[in-house]
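Novice: Have a look at this one before I ask anything.
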Amino acid sequence: MRKKMVAGNWKMHGNLVENKQLLDAIVTGLNGLYKVNFFVCVPYPYLPSVQSILQNTNIAWGAQNLSQFERGAYTGEISASMLNDFECRYVIVGHSERRSLFGEDSQIVAEKYQAAQRAGITPILCVGESLEQREAGTTEQVIEEQLATVIKLAGVESLAKAIVAYEPVWAIGTGRTASPEQAQDVHSFIREGIAKQNVNIAKSLTILYGGSVKASNASALFDMSDIDGGLIGGASLVANDFVAICRALHQ
Ligand code: PEP
C-alpha cells in the first residue's frame, strides 16, 4: 500500500501571526483524519513556531530547501542537521523555482537529496518539464534525466525513503492545471521507468502531483491510479482550500 500524502509549500509567504491563524484552522479542519499524511513545508525562520503549533497533531512539517553540504563556510546555507534540530520530517529538493531562479542543476539536486537522506529526512524530489519542453515533445526525456541523476548518485533503493513530486513548470502558480490524464501519463511513465530497475520500489513509491491544485480539481487528479496525493503551493495558504484538498484525498 502506497502512502497517500498532501504537502503544502508555503514558499516565501507568511508571518508569525498569519501562520498561527492558518495552522490553527488547518489543525481544526483535519482533526481526526489519519489515513493520509499531511505536512507543510515552511520558510526556515518559522520552523520553531510551526514545530510548537503542530507538535502532537496529525500534521507534520518540513523545509523547502537545504544545503548539499554538512557544515562549513557556506554563508547563508542551512544544513540537514539544522533541520533535524527542529524535527523536520520532510524537505523539498529540486523545486522548479530553485532550478530556474537559483541555478540548481540535477547534480546539485541529487546531492541535496542525498544530504537529506543521510540525516534521516525524507526528500520530496520535484521533477517536471517547462512549457517549451512539453511543446517540443521532450517531457519524458527531461524527467528521465532529472530522475536518473538522483538514481546514479543515491541508487534506486534510495527511493524507498523518498517522495517524488511531478510538477509541470507550466502549471505552477499559473492557474493552469495539467488534466488528470496528462498528469497520470507522466506519473505512470515515472513509475514504469523505476519499475525497470526495481519493481517493489516503484510499486511503493508515493508520487505527488503539483501545479495549481485547487479544491475544485483535486478529486479528479487524486482519482488517477498513479497519483498518490498533491504538493500544493498557493492553495496551501488558504486554510479552507488546503483542508478541502486534504479531505478530497482522505475520502
Ligand atoms: C508548488 O509551488 O509546488 C506549486 C505546486 O504551486 P501552485 O500549487 O501554486 O501551482
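Quick note: the coordinates plus some simple rules give every number you see, no bench work behind them. The structure displayed is predicted, hence computed values, not measured ones. So basically every Cβ, Gly included, is an ideal-geometry build from the backbone, and we count neighbours across all protein chains shown.
Novice: Could you count how many Lys pairs in the chain have their Cα atoms under 16 Å apart, skipping same-chain pairs fewer than 8 positions apart?
Specialist: For the chain, the number of qualifying lysine pairs is 11.
Novice: Give the residue from Ala195, Gly120, Gln184 lying farthest towards the positive end of the charge dipole for the chain; charges sit on Cβ (+1 for Lys and Arg, -1 for Asp and Glu) and the dipole is referred to the Cα centre.
Specialist: Final value for the positive-end residue is Gly120.
Novice: While we're looking at this one, here's another question. Considering the dipole of the chain built from charges on the beta carbon (Lys and Arg +1, Asp and Glu -1) around the Cα centre, which of Ile78, Val243, Val42 is farthest to its positive end?
Specialist: Checking the options against the dipole of the chain, the answer is Val243.
Novice: Could you list the chymotrypsin sites (Phe, Trp or Tyr not before Pro) in segment 1-92 that lie in coil according to DSSP, counting only those with at most 15 other Cβ atoms within 10 Å of their Cβ?
Specialist: Tyr34, Phe69, Tyr74
Novice: In whole Hz, with x marking every Gly and Pro, tabulate ³J(HN,Hα) for segment 153-164 from phi via Karplus 6.51 cos²θ - 1.76 cosθ + 1.60, θ = phi - 60°.
Specialist: Going residue by residue, I get 7, 9, x, 5, 5, 4, 5, 5, 10, 8, 10, 10 Hz, with x marking Gly and Pro.
Novice: Segment 1-58: which trypsin sites (Lys or Arg not before Pro) are DSSP loop and have at most 15 other beta-carbon atoms within 10 angstrom?
Specialist: Arg2, Lys3, Lys35
Novice: Counting Lys +1, Arg +1, Asp -1, Glu -1, what net charge surrounds Asp241 among other residues with beta carbon under 12 Å of its beta carbon?
Specialist: +2
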